[in-house]
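Some notes on the structure that comes next.
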Amino acid sequence: MRLVLVGPPGAGKGTQAQFLASHFGIPHISTGDIFRANLKEGTPLGVEAKGFMDRGELVPDSVTNEMVRDRLTHDDVVNGFLLDGFPRNVVQAQVLRAMLAEKKNPLNAVLELSIEKSEIIARLSGRRVCRNCGNTAHLLFDPPSVDGVCNGCQGELYQREDDKEEVVTRRLEVYEEQTAPIVDFYRSEGLLITISATGSVGDITERAITALSRVH
Ligand code: AP5
(Lines give C-alpha, C1' and ligand atoms only; values in the text may rest on other atoms or scores of the structure.)
Protein backbone atom coordinates (compact mmCIF):
# COMPACT_ATOMS: atom_id res chain seq x y z
CA MET A 1 0.00 0.00 0.00
CA ARG A 2 1.44 3.37 -1.07
CA LEU A 3 -0.61 5.93 0.76
CA VAL A 4 -0.66 9.69 1.35
CA LEU A 5 -2.45 11.18 4.34
CA VAL A 6 -3.65 14.74 3.87
CA GLY A 7 -5.52 17.10 6.17
CA PRO A 8 -5.10 20.39 7.99
CA PRO A 9 -2.78 20.82 10.97
CA GLY A 10 -4.25 18.98 13.94
CA ALA A 11 -6.56 16.77 11.87
CA GLY A 12 -4.95 13.75 13.52
CA LYS A 13 -2.65 12.65 10.69
CA GLY A 14 0.20 11.66 13.00
CA THR A 15 -2.18 9.91 15.42
CA GLN A 16 -3.90 7.87 12.69
CA ALA A 17 -0.67 7.24 10.79
CA GLN A 18 0.74 5.16 13.65
CA PHE A 19 -2.25 2.79 13.58
CA LEU A 20 -2.57 2.64 9.80
CA ALA A 21 1.16 2.05 9.27
CA SER A 22 1.05 -0.79 11.76
CA HIS A 23 -2.15 -2.25 10.23
CA PHE A 24 -0.71 -2.28 6.71
CA GLY A 25 2.84 -3.16 7.80
CA ILE A 26 4.38 -0.12 6.11
CA PRO A 27 6.65 2.66 7.41
CA HIS A 28 5.14 5.96 8.56
CA ILE A 29 7.08 8.77 6.89
CA SER A 30 6.29 12.19 8.35
CA THR A 31 8.22 15.11 6.86
CA GLY A 32 7.43 17.18 9.98
CA ASP A 33 8.93 14.43 12.19
CA ILE A 34 12.04 14.22 9.98
CA PHE A 35 12.53 17.99 10.22
CA ARG A 36 12.02 17.90 14.02
CA ALA A 37 14.49 15.00 14.39
CA ASN A 38 17.07 16.99 12.40
CA LEU A 39 16.39 20.04 14.52
CA LYS A 40 16.94 18.03 17.71
CA GLU A 41 20.27 16.75 16.35
CA GLY A 42 21.27 20.24 15.18
CA THR A 43 21.95 19.15 11.57
CA PRO A 44 22.20 21.81 8.79
CA LEU A 45 18.83 20.55 7.47
CA GLY A 46 17.23 21.06 10.90
CA VAL A 47 18.74 24.54 11.26
CA GLU A 48 17.48 25.51 7.79
CA ALA A 49 13.96 24.17 8.45
CA LYS A 50 13.58 25.73 11.91
CA GLY A 51 12.82 29.32 10.83
CA PHE A 52 10.13 28.22 8.39
CA MET A 53 8.54 25.83 10.88
CA ASP A 54 8.53 28.35 13.73
CA ARG A 55 6.70 30.84 11.47
CA GLY A 56 4.22 28.22 10.22
CA GLU A 57 5.54 28.48 6.65
CA LEU A 58 6.45 25.61 4.35
CA VAL A 59 10.10 24.61 4.15
CA PRO A 60 11.21 25.29 0.53
CA ASP A 61 10.33 22.58 -2.01
CA SER A 62 13.96 22.14 -3.09
CA VAL A 63 14.90 20.99 0.43
CA THR A 64 11.76 18.95 1.14
CA ASN A 65 11.56 17.13 -2.18
CA GLU A 66 15.18 15.96 -1.99
CA MET A 67 14.68 14.79 1.60
CA VAL A 68 11.67 12.68 0.54
CA ARG A 69 13.43 11.41 -2.59
CA ASP A 70 16.24 10.15 -0.37
CA ARG A 71 13.83 8.61 2.18
CA LEU A 72 12.03 6.67 -0.56
CA THR A 73 15.28 4.91 -1.48
CA HIS A 74 15.40 3.10 1.90
CA ASP A 75 14.82 -0.65 1.93
CA ASP A 76 11.78 -0.47 4.22
CA VAL A 77 9.55 1.07 1.52
CA VAL A 78 9.65 -2.05 -0.62
CA ASN A 79 6.08 -3.01 0.40
CA GLY A 80 4.79 0.53 0.46
CA PHE A 81 4.71 3.55 2.76
CA LEU A 82 2.43 6.02 4.43
CA LEU A 83 3.41 9.64 3.72
CA ASP A 84 2.17 12.11 6.36
CA GLY A 85 2.64 15.83 5.65
CA PHE A 86 3.99 15.35 2.13
CA PRO A 87 3.03 16.48 -0.45
CA ARG A 88 1.92 19.86 0.82
CA ASN A 89 1.48 21.78 -2.41
CA VAL A 90 0.78 20.95 -6.04
CA VAL A 91 4.46 21.15 -7.04
CA GLN A 92 5.36 18.57 -4.39
CA ALA A 93 2.47 16.37 -5.57
CA GLN A 94 3.77 16.54 -9.15
CA VAL A 95 7.32 15.76 -8.02
CA LEU A 96 6.08 12.77 -6.00
CA ARG A 97 4.10 11.48 -8.98
CA ALA A 98 7.24 11.68 -11.15
CA MET A 99 9.42 10.00 -8.49
CA LEU A 100 6.98 7.08 -8.19
CA ALA A 101 6.49 6.83 -11.97
CA GLU A 102 10.26 6.31 -12.32
CA LYS A 103 9.94 3.32 -9.99
CA LYS A 104 6.70 2.18 -11.68
CA ASN A 105 5.08 2.21 -8.25
CA PRO A 106 2.30 4.82 -8.28
CA LEU A 107 0.22 5.76 -5.26
CA ASN A 108 -2.72 3.51 -4.36
CA ALA A 109 -4.71 6.11 -2.46
CA VAL A 110 -4.77 9.52 -0.81
CA LEU A 111 -6.75 9.64 2.43
CA GLU A 112 -8.11 13.05 3.37
CA LEU A 113 -8.98 13.67 7.02
CA SER A 114 -11.77 16.22 7.08
CA ILE A 115 -12.38 18.30 10.22
CA GLU A 116 -13.94 21.59 11.41
CA LYS A 117 -11.66 24.53 12.24
CA SER A 118 -12.96 24.86 15.82
CA GLU A 119 -11.94 21.25 16.55
CA ILE A 120 -8.48 21.88 15.06
CA ILE A 121 -7.83 24.79 17.42
CA ALA A 122 -8.91 22.71 20.43
CA ARG A 123 -6.65 19.81 19.40
CA LEU A 124 -3.56 21.91 18.70
CA SER A 125 -3.78 24.15 21.76
CA GLY A 126 -3.85 21.12 24.07
CA ARG A 127 -1.27 18.99 22.25
CA ARG A 128 1.92 18.11 24.11
CA VAL A 129 4.81 16.13 22.63
CA CYS A 130 7.39 13.96 24.37
CA ARG A 131 10.93 15.33 24.01
CA ASN A 132 12.29 11.82 24.28
CA CYS A 133 10.10 9.48 22.17
CA GLY A 134 8.04 11.99 20.15
CA ASN A 135 4.65 10.54 21.21
CA THR A 136 1.81 13.02 21.51
CA ALA A 137 -0.60 13.55 24.39
CA HIS A 138 -3.49 15.96 24.81
CA LEU A 139 -4.26 17.93 27.95
CA LEU A 140 -8.03 17.31 27.58
CA PHE A 141 -8.53 14.36 25.22
CA ASP A 142 -5.61 12.11 26.21
CA PRO A 143 -4.11 13.55 29.40
CA PRO A 144 -0.86 12.15 30.82
CA SER A 145 -1.16 10.29 34.14
CA VAL A 146 1.44 12.63 35.65
CA ASP A 147 1.45 16.31 34.61
CA GLY A 148 4.14 17.05 32.02
CA VAL A 149 5.36 13.44 31.85
CA CYS A 150 4.98 11.05 28.87
CA ASN A 151 2.90 7.96 29.71
CA GLY A 152 5.03 5.83 27.38
CA CYS A 153 8.64 6.59 28.33
CA GLN A 154 8.44 9.09 31.26
CA GLY A 155 10.11 11.75 29.07
CA GLU A 156 9.29 15.45 29.40
CA LEU A 157 6.21 16.72 27.53
CA TYR A 158 6.47 20.12 25.81
CA GLN A 159 4.36 22.35 23.58
CA ARG A 160 5.57 22.64 19.97
CA GLU A 161 6.68 26.18 19.07
CA ASP A 162 4.29 26.08 16.09
CA ASP A 163 1.31 25.14 18.30
CA LYS A 164 1.30 28.65 19.80
CA GLU A 165 -1.86 30.51 18.77
CA GLU A 166 -0.39 33.03 16.30
CA VAL A 167 1.57 30.34 14.46
CA VAL A 168 -1.46 28.02 14.30
CA THR A 169 -3.39 30.83 12.56
CA ARG A 170 -0.64 31.11 9.93
CA ARG A 171 -0.42 27.31 9.48
CA LEU A 172 -4.15 27.19 8.77
CA GLU A 173 -3.81 29.97 6.18
CA VAL A 174 -0.90 28.16 4.54
CA TYR A 175 -2.99 24.97 4.47
CA GLU A 176 -5.88 26.73 2.71
CA GLU A 177 -3.65 28.58 0.24
CA GLN A 178 -1.07 25.94 -0.60
CA THR A 179 -2.11 22.48 0.58
CA ALA A 180 -5.89 22.36 0.03
CA PRO A 181 -5.39 22.50 -3.80
CA ILE A 182 -3.77 19.04 -3.70
CA VAL A 183 -7.15 17.63 -2.67
CA ASP A 184 -8.52 18.59 -6.11
CA PHE A 185 -5.32 17.38 -7.75
CA TYR A 186 -5.76 13.91 -6.25
CA ARG A 187 -9.52 13.89 -6.85
CA SER A 188 -8.85 14.43 -10.54
CA GLU A 189 -6.32 11.57 -10.45
CA GLY A 190 -9.05 9.30 -9.01
CA LEU A 191 -7.03 8.65 -5.84
CA LEU A 192 -8.90 10.67 -3.22
CA ILE A 193 -10.81 9.11 -0.32
CA THR A 194 -12.27 11.51 2.25
CA ILE A 195 -13.34 10.50 5.75
CA SER A 196 -14.52 12.51 8.71
CA ALA A 197 -11.76 12.96 11.31
CA THR A 198 -14.21 13.78 14.11
CA GLY A 199 -14.95 11.29 16.87
CA SER A 200 -12.77 8.96 18.90
CA VAL A 201 -9.32 7.95 17.66
CA GLY A 202 -10.46 4.31 17.44
CA ASP A 203 -13.58 5.14 15.42
CA ILE A 204 -11.57 7.19 12.94
CA THR A 205 -9.01 4.39 12.52
CA GLU A 206 -11.83 1.95 11.83
CA ARG A 207 -13.36 4.35 9.28
CA ALA A 208 -9.99 4.71 7.57
CA ILE A 209 -9.30 0.97 7.43
CA THR A 210 -12.79 0.27 6.04
CA ALA A 211 -12.35 2.95 3.36
CA LEU A 212 -8.87 1.71 2.46
CA SER A 213 -9.90 -1.94 2.33
CA ARG A 214 -11.61 -1.16 -1.01
CA VAL A 215 -8.34 0.08 -2.51
CA HIS A 216 -6.19 -2.19 -4.69
P1 AP5 B 1 3.81 18.65 10.52
O2 AP5 B 1 4.51 18.08 11.66
O3 AP5 B 1 3.47 17.78 9.35
O4 AP5 B 1 2.52 19.38 11.07
P5 AP5 B 1 1.00 19.46 10.56
O6 AP5 B 1 0.65 18.96 9.22
O7 AP5 B 1 0.68 20.88 10.78
O8 AP5 B 1 0.32 18.40 11.39
P9 AP5 B 1 0.29 18.29 12.92
O10 AP5 B 1 1.44 17.45 13.37
O11 AP5 B 1 0.16 19.63 13.58
O12 AP5 B 1 -1.10 17.61 13.14
P13 AP5 B 1 -1.62 16.13 12.89
O14 AP5 B 1 -2.65 16.20 11.80
O15 AP5 B 1 -0.48 15.17 12.70
O16 AP5 B 1 -2.36 15.89 14.25
P17 AP5 B 1 -1.98 14.96 15.50
O18 AP5 B 1 -2.21 13.53 15.17
O19 AP5 B 1 -0.66 15.34 16.07
O20 AP5 B 1 4.61 19.89 9.91
C21 AP5 B 1 5.17 20.89 10.73
C22 AP5 B 1 5.91 21.90 9.88
O23 AP5 B 1 6.99 21.23 9.16
C24 AP5 B 1 5.11 22.59 8.78
O25 AP5 B 1 4.38 23.70 9.28
C26 AP5 B 1 6.23 23.00 7.82
O27 AP5 B 1 6.92 24.12 8.28
C28 AP5 B 1 7.17 21.80 7.88
N29 AP5 B 1 6.82 20.80 6.86
C30 AP5 B 1 6.40 19.52 7.08
N31 AP5 B 1 6.17 18.89 5.92
C32 AP5 B 1 6.46 19.79 4.93
C33 AP5 B 1 6.39 19.74 3.51
N34 AP5 B 1 5.95 18.64 2.87
N35 AP5 B 1 6.75 20.83 2.82
C36 AP5 B 1 7.19 21.95 3.44
N37 AP5 B 1 7.25 22.06 4.79
C38 AP5 B 1 6.89 21.00 5.52
O39 AP5 B 1 -3.15 15.41 16.51
C40 AP5 B 1 -3.18 16.73 17.06
C41 AP5 B 1 -3.64 16.65 18.54
O42 AP5 B 1 -5.00 16.19 18.57
C43 AP5 B 1 -2.83 15.67 19.40
O44 AP5 B 1 -2.68 16.20 20.68
C45 AP5 B 1 -3.71 14.39 19.44
O46 AP5 B 1 -3.51 13.68 20.65
C47 AP5 B 1 -5.11 15.00 19.37
N48 AP5 B 1 -6.04 14.12 18.67
C49 AP5 B 1 -5.80 13.38 17.53
N50 AP5 B 1 -6.90 12.72 17.15
C51 AP5 B 1 -7.88 13.04 18.07
C52 AP5 B 1 -9.25 12.67 18.23
N53 AP5 B 1 -9.84 11.85 17.37
N54 AP5 B 1 -9.93 13.21 19.27
C55 AP5 B 1 -9.32 14.07 20.13
N56 AP5 B 1 -8.01 14.44 20.04
C57 AP5 B 1 -7.31 13.93 19.02
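The values are calculated or read from the model by the stated rules, or taken from the named source; none is laboratory data. Small disclaimer: the values here were computed from a predicted structure and weren't measured. Here the Cβ is made from the backbone with ideal geometry for all residues, glycine too, and neighbour counts use every protein chain on show. Heavy atoms of the whole protein, side chains included, go into the accessibility calculation; ligands, DNA and RNA do not. Shrake-Rupley method; radii C 1.70, N 1.55, O 1.52, S 1.80 Å.
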Exercise. Summing Lys, Arg as +1 and Asp, Glu as -1, what charge do residues with Cβ under 15 Å from the Cβ of ALA49 carry, ALA49 excluded?
Worked result: -2
Problem set entry | Length released on extending from ASN105 to SER118, taking residue separation times 0.36 nm less the Cα-Cα span | 0.9 nm
Problem set entry | trypsin sites (Lys or Arg not before Pro) within segment 156-210: DSSP coil, no more than 14 neighbouring Cβ in 10 Å | LYS164
Exercise. Which trypsin sites (Lys or Arg not before Pro) in segment 84-126 pass both tests, a DSSP loop state and at most 13 other beta-carbon atoms within 10 Å?
Worked result: LYS103, LYS104
Seminar exercise, completed: Ordering ILE193, ILE26 by the accessible surface of their heavy atoms, 1.4 Å probe, largest first, yields ILE193, ILE26
Exercise. According to a simple spin-label model (label point 7 Å from Cα along Cα-to-Cβ), what is the distance in nm between ASN132 and SER22?
Worked result: 1.9
Exercise. Which net charge results when you count Lys and Arg as +1 and Asp and Glu as -1 among the other residues whose beta-carbon is under 9 Å from that of ARG131?
Worked result: 0
Exercise. Which percent, to the nearest 5, of DSSP beta bridges fully inside the chain are antiparallel?
Worked result: 30
Problem set entry | Sequence-distant lysines (8 or more away, or on other chains) whose Cα lies within less than 25 Å of LYS164 | LYS13, LYS40, LYS50, LYS117
For this session: Compare GLU165, GLU112, GLU173 by solvent-accessible area with a 1.4 Å probe and give them largest first, with all protein chains kept in place.
Result: GLU165, GLU173, GLU112
Exercise. So, counting K/R as plus one and D/E as minus one, what does the shell of residues with Cβ under 13 Å around LEU82 add up to?
Worked result: 0
